[in-house]
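The values are calculated or read from the model by the stated rules, or taken from the named source; none is laboratory data. Because the structure is a prediction, the values reported are computed rather than measured. Glycine also receives a Cβ, built like all others from the backbone with ideal geometry; neighbour counts cover every protein chain displayed.
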């Protein structure tokens, strides 16, 4: 993979994927292929608003707003880890013992309940509002497939297949991995590499002949731990999610090119 000569070499630069050295491409479903993080954050916000109202009614305490801070949105949309949700509740003075006493479930079950409600709300929003493919996503996937490079999408949320169908991209994927697979196989999410290793297994590819495209710092770390031949950061018009600049970076997927495959 080399910087493309079509555009000036500057940050964010453009890159070219060479099918002579790359056999597989793994891409984030949330944030890189689609703009679904907006829906996932909205689903969590609706869930937290509903919980705050129920908590106030059950305990007789004043209702406190539970807004999702920008720095937590990525964590809250990753349904593999509930620690961010628990910390948000504690930071706003929501006592799990009172919640358990008045709302029913134990502290652990309460978080399961919140995650389940947020997941259900995400599906409702996905089906009513829809989701858009990111700029350049369809063209890049078509180019990858034309060059013989197999493709997989990874999501730390559920419903990856429905998400990509809604965005019109599902038919361009050779494999998909999401939180349902992680739970089934007991896999940890990023920064651990297990999800992306499973994606590579589905594509029958070794890490060294694969490229990972992400906009998330923890996934960058997961990619390096998995041994990907290259990890490309998609900065999303300069507003990434803290991914370090220790590899190729592009503004959007229109900055990723595929060298024509020579047979």
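Tabulated data
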quantity	calculated
Matching option when the condition is modelled with pLDDT of 75 or more, under 15 Å from residue 49 (Cα atoms) and assigned by TED's automatic domain parsing to the domain that holds residue 50, among 76, 114	114
Check on residue 42, within 23 Å of the chain's Cα centre (by Cα), modelled with pLDDT of 80 or more and not assigned by TED's automatic domain parsing to the domain that holds residue 159	yes
Condition met for residue 22 (part of a loop (DSSP other than H, G, I, E, B), modelled with pLDDT of 90 or more and crowded, with 19+ Cβ neighbours inside 10 Å)	yes
